[in-house]
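A short worksheet on the structure shown next.
Bear in mind that the values in this text are calculations on the coordinates, not laboratory data. Worth saying up front: this structure is predicted, and the values here are computed from it rather than measured. Don't worry about glycine lacking a Cβ; one is built from the backbone with ideal geometry, like all the others, and counts go over all protein chains shown.
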Amino acid sequence: MDTIFNGYKELLILYFRGQEKFAGKPDNAKTHLIQSIVDENPILQSLDHVNSILTLLVGNEKLGIGWMESTAEEEGFMFPYFRIKHQVSLLTTKHFLKYGLTVFPFEIKKLQETTTKLVDKFIYSHFISSVLKKRNAIADLQYELTYRVWVAFATHENDPSISFKKIKELAELKSSLAQSLNLGQRMGPEKLKTYFLKIEQFKSSSVSSEDFKIYQTAIDSILKYAIHRHIDLFRLHKANGEYFTPSDPYVSNWGLRILSKDPEFSKVLSLLEKTKKDFQDDIDTYVHIRYKSLGFSKLDKRLVHNKGLVLTEAQFKVKKTEFFTELKKNGLIEEITENSPNLPAIIKELFRLSEDMGLGDHELLADKFQDSPLFLGSEVPLYQKIEGISFAGQPDGLFYDFNEENKFITLVDFKPNYRAGDTGTYSFANAIPQAAAAALILQFKTGIRVKCVIFNDGEAILFDPNNILQEFNQFMTSYIPNRPIPWLKLLKLIPNNI
């Protein structure tokens, strides 16, 4: 009992010592935030001086004191709180040894968790628009994106006090990330693209594994936000009139050896060898292209604003659901799950490689693809101009495939947020035009039959690109009179003998 009492007594002493440290500081929200962090963490209460606490939480005692006493609010006022959050995330037991304190890792972890929780709560309460907070999921994703982008720029510029105004200037944008949160503005495509490309540049020149991880985390937060809002980040900039993306192609050396032994695949071999050589020769200016208007997943939202659409958005969704159901009923789409009998070998392989992967895991999956003996390449640029219109794509993966009768290539597209059985917003069928377009280009260039798979980690659809785009053309022209369908000219790539 005495042991328990003495332990409780010691905690009370530490708690009141912590309170006393800030008694002479300005009675404002900043002081209350720092005090609340101290109140939650005995390891901070054990420190003898407030300056030591501020050094650990802010990184610099003079900066910390000046910030606490300041009443000015400049554009980007959120960054000092991000500095606290990031500074604490970097703390180790060694930082406390400087003050003669021996602390345990679990105490550091508690400090990091409570600081993150309190800082996040403080920022949500003071700086995020109530309009944005009503959209809980978007607010959370945008807040995380803002923090991660700030950390990335602070790391690259070696400036732990970098303001959002400075970041805005470095990115050459008109408004800051902090302004967007404060005013309740969602992030638009151009701003997302700008930060995406900028941080990709940081990552490519990174020499530290810790910095690389920071940049990748920021990129992942941008991608996650973009995916949630159905923003295509890969329609980024124009080079010679075509869009390009920084996604790097990869060609499997093992895949090249397989193809070199099969004369039928000589054109496929040449295409992959050229891709590999071009990328290695000119890695900095290598242009990656993606077709400008093949996206179908957003048609139900995009087309209601186009003059000439004869249906309301709700009516269009109903018609699209009926259309997707007919594709399945007529056998143009084969739906497969991991529990389906007689799984095709390629589907089984894709489920194995993508196990437990989800949004933001495309790069990890591309690495896993290399474990497959049938893998040929990923993000291989495919380009074709037809009657003055440019088509292109970068499929997630290309695989050497075969059955008892034929050898062919399977083009795969990883869509972790889509589902088998869904005939609406999250239907795999939404991604068919893009995958089919890339497949037809590859088939046209190589003379090898191509099949398509769109999948997540346990479900997939399998389809033949040669007989499905016609259905999409017919469906779209039924509801959008006198408007050209972007993939109509792709039908010219389908062989006459199909």
Neighbourhood charge, 12 Å Cβ-Cβ cut-off, centred on LYS267 and excluding it, Lys, Arg +1 and Asp, Glu -1: -1
Net lengthening on full extension, LYS165/ASN253 (0.36 nm per residue, minus Cα-Cα): 27.0 nm
Ranking of TRP150, TRP254 by count of other Cβ atoms within 10 Å, fewest first: TRP254, TRP150
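In what order do TYR215, TYR81 fall by count of nearby beta-carbon atoms within 10 Å, going from fewest to most?
Placing the least packed residue first, the sequence is TYR81, TYR215.
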Kirkwood-based Rg to Rh ratio, region 138-237, C-alpha trace: 0.93
Using alpha carbons only: equivalent-ellipsoid semi-axes of region 330-408, gyration tensor based, whole Å: 25, 19, 14
Label point distance in nm, THR337-LEU364, each placed 7 Å from Cα along Cα→Cβ: 2.4
Distance from region 314-365 to region 155-202 (C-alpha centre basis), Å: 36
Theoretical gain in end-to-end length, ALA314 to ASN417 [0.36 nm per residue, Cα-Cα removed]: 34.9 nm
